[in-house]
């Protein structure tokens, strides 16, 4: 991609009518205001279109600058019975909506508790151009819970924050969407981010993980908050039994974040990251080693053959 070529983004979010007193009731207005500030900060050669999608009861939550897509017609409750009913959306439905209703080159999905730095879109466009990547995943920074209103955004921007190993901001070329294997994974629960990162590792020509620059942040520094167990088990079962077996043939250890770092260092980073499973990474490491050994043996065999 040329350094001077423009980049177009379609950014989709899934706002909810969060009850007063909930964490999302605090975080969501911060997220909206930070997105709008980033939109207004963006230079003219970066095109950004904002979209939102939700259930009928979530109408009117997003600011008018967001294009409201047709309401979601199904949730995880349509797929299975749960003891405690929580109306989580299906990840595929959210991404399909922005794919079908936009023509942007790159699609962006962020969680509703992820706020943007003002230069987010310009920085993302610049990274895509410089790295030549078709998928970009951005790790957030966690800031202290002393902040509670969008009016405090300037102070939030000034916080350095704490690093977070998980994934909650995904940018990918629209050509990748038809390849993604998402099944009926739901948002709002663990393994939705596992599903996204492994799909992008599998199908992107080049995935870039941005875990150093301060581009997004989250109010709160926890790494693994309490999980609704029955929904966690639902997502985990779908990923492990349906999605991962289909992704497995496309996964190579060399395409994973940190793969170019020394063996012990990358293994530690993979073990500390909740989105990567240690036994899977060891299996992929073994396959990579066997490929390298085969390459050396084949090279030696053909060099000997060539001398005769």
Handout entry: Efficiency of FRET between residue 236 and residue 8 - r from beta-carbon atoms, R0 45 angstrom, step 0.05
Key = 0.80
Problem - Relative contact order computed over the chain (Cα-Cα under 8 Å; 6+ residues apart), in percent - result: 19 percent
Problem - Distance (nanometres) between label positions extended 7 Å along Cα→Cβ at residue 80 and residue 265 - result: 4.0 nm
Exercise for the section: Extending each Cα 7 Å along its Cβ direction at residue 277 and residue 44, get the distance between those two points in nm, one decimal. Expected result: 5.1 nm
Fill in the blank from the handout: Rounded to the nearest 5, the percent of antiparallel DSSP beta bridges in the chain equals 40 percent
Problem - Overall Cα dimensions of the chain - principal axes, largest extent first, Å - result: 78, 51, 38
Practice task
With springs only between Cα atoms under 10 Å apart, run a GNM on the chain and tell me which of 141, 37, 213 wobbles the most.
Solution key: 213
Handout entry: Computed E for residue 131/residue 222 - FRET, C-beta separation, R0 45 angstrom, nearest 0.05
Key = 0.90
Practice task
Return one number: the angle in degrees, 0 to 90 and rounded to the nearest 10, between the long axis of the Cα atoms of helix 91-101 and the longest principal axis of the Cα atoms of the chain.
Solution key: 80 degrees
Exercise for the section: Would you calculate the separation in nanometres between label points at residue 73 and residue 248, each defined as 7 Å from the Cα along the Cα-to-beta-carbon direction? Expected result: 3.5 nm
Completion exercise
The exposure ranking of 282, 112, fewest beta-carbon neighbours within 10 Å first, is 282, 112
Handout entry: Helix-only CD estimate at 222 nm, as mean residue ellipticity for the chain, using -39500 (n - 2.57) per DSSP H run (n ≥ 4)
Key = -11500 deg cm²/dmol
Handout entry: Using alpha-carbon coordinates, inclination of helix 263-272 to the longest axis of the chain, degrees
Key = 30 degrees
Practice task
Rounded to the nearest 10 degrees, what's the angle between the helix 23-41 long axis and the longest principal axis of the chain, both from Cα atoms, 0 to 90?
Solution key: 80 degrees
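Readers should treat all values here as calculations from the given coordinates under stated rules, not as data from a laboratory. Everything quoted here is computed from the prediction, not taken from an experiment. Using ideal geometry, Cβ is built from the backbone for each residue, glycine included, and neighbour counts are taken over all protein chains shown.
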